[in-house]
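Structure first, commentary second.
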Amino acid sequence: MDLRRQSVYAESLTCHLYCVNCIGLQGNILEDETAIDILSSSKVLSEDISAKQETATATEREIDATRNGYKPVAMHSSMLFFCISDLANIEPMYQYSLTWFINLYLQVTIVIVIVVFISIQ
């Protein structure tokens, strides 16, 4: 958000200089040293913001790719969890060993996450 504010500030300052010079209050914009300095610093700031935006876009793509790698694990884990939790509806004896199934689910999930993490690297 800070980059956006800096960009808007630089744009508004540049527009202000342009307007002041267009209506003739300052004369020729090419002769105004302050205007040239501000335009130069705005250009440097714009290039810096563009570079940071490219880095942010690349990071966002990397995060999306990593997140999409976990989707199959999440889908299978949720199916396994709900199948196990519905066992008590099928047969009441399963409700007493639901803790065992939950522990099994957690162990399998941990192993799957480790395998996916190793395969990503």
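Structure notes:
- Over all other residues within a Cβ to Cβ distance under 14 Å of residue 56, the charged ones net out to -3, with Lys and Arg as +1 and Asp and Glu as -1.
- Over all Cα atoms in region 41-91, the spread is summed up by Rg and Dmax: 22.0, 73 Å.
Every read-out reported here was derived from the displayed coordinates using simple, explicitly stated rules and does not represent laboratory data. Computed from a prediction, not measured in an experiment: that's the story for all the values here. For neighbour counting, all protein chains shown are included, and Cβ atoms are generated from backbone atoms with ideal geometry for every residue, glycine included.
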